[in-house]
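Derivation of every value follows stated rules applied to the coordinates shown; laboratory data play no part. For clarity, every value in this text was computed on a predicted model and none was experimentally measured. Glycine gets a Cβ as well: all are built from the backbone with ideal geometry, and neighbour counts include every protein chain shown.
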């Protein structure tokens, strides 16, 4: 509405100027080119400003967890108790389920009794051996038997402890693979534990980009379920080798997920900032005209435009870095280039300035 009013006012002033000097009965017809030259063109402008700008690279990958492990049955048996469910957070070594371990418990108690008897017999003969009342071979046999029974007891005790299925790592129960009463064989998977506070993604990047990336580069990730939110990430590792099958190298991105907004299996779009220019002079990228491989802009001054060649640098997030040809206090046309030429008069509006400069 503001721009429309300015155009009407300009047309009125132009018509008045053309009719000035015409007497009664006189007629004056201006030529079309003169009218167009005298009519200001409505444009939208933006002023160059300084900020930090990053050279970025776009990549896609599936998010996963680097800490993911199955909780398996260490002995065979029937499940008699489930202690956790999917989504529960557990610590390493926590009991997740119990198997029927009565047989193992009884075998452990029997081994313990045999050990106690052997230890008592051994201790009774220690003094006799010291006084030389029993042979060395007999005393050695008692000692060997005691050590064997200690090992047997520890083994039975371990087997009984295995009747409790424990979490191999700390994390979240991602899957429960068993039901109460189900019989498990040795090494059957009962649960899967995943640590989701820190996630990773393996980015396959063309080998031509290898020199641009280094561990420590910052990145952001967006997922389809929350398109308006960017989550921070960091490039933790960059593989120095190229995959001969597709000509790419692997960069590993680590994603902080303390709030739990992301989940393994999500498909993410990554923006990696591999180069930063601080206090760079930037303008909206739509201001740049590319003709014959020359970058130009229309600079507004005193209601007129001047076409000027500029040197550009990093292009990122709708802005472009200006390396030369423009100063910080100058204003450029961002909308309305069509029909402009050197010296064209313009009506400059900054109504949409913030949509370009953020």
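Tabulated values for the structure
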item	result
Residue 161-residue 349 pseudo-label distance in nm [points 7 Å out on the Cα-to-Cβ vector]	7.7 nm
Between helix 102-130 and the chain: long-axis angle, C-alpha atoms, 0 to 90°, nearest 10	60 degrees
Sum of -39500 (n - 2.57) over DSSP H runs of 4+, divided by residues of the chain (222 nm, nearest 500)	-8000 deg cm²/dmol
Three-way shape label, the stretch 68-194, alpha-carbon gyration tensor, a/c 1.5	prolate
Point-to-point label distance, residue 241-residue 116, nm (Cα→Cβ direction, 7 Å offset)	5.9 nm
More than 15 Å apart - percent of Cα-Cα pairs taken over the stretch 202-272	54 percent
245, 307 arranged by Cβ crowding within 10 Å, fewest neighbours leading	245, 307
Debye log10 I(q)/I(0) at q = 0.12, 0.13, 0.14 Å⁻¹ for the stretch 235-358, Cα point scatterers	-0.66, -0.72, -0.77
Solvent-free Debye scattering, log10 I(q)/I(0), computed from the Cα coordinates of the chain at q = 0.11, 0.12 Å⁻¹	-0.94, -1.01
Efficiency of FRET between residue 68 and residue 212 - r from beta-carbon atoms, R0 45 angstrom, step 0.05	0.90
Estimated FRET transfer efficiency when R0 is 56 angstrom, pair residue 144-residue 263 (beta carbons, to 0.05)	0.50
Exposure proxy order (Cβ contacts within 10 Å, fewest to most) of 39, 331	39, 331
Part-to-part distance (alpha-carbon centres) for the stretch 228-252 and the stretch 43-99, which is given in Å	18 Å
Rounded to 5, percent antiparallel among DSSP beta bridges of the chain	95 percent
Cα Rg, Dmax (largest Cα-Cα span) when computed across the stretch 122-164, Å	14.9, 48
Stretchable slack from residue 179 to residue 338, in nm (0.36 nm times residue separation minus alpha-carbon distance)	50.2 nm
Residue 278-residue 85 FRET efficiency (beta carbon distance; Förster radius 35 Å; 0.05 resolution)	0.10
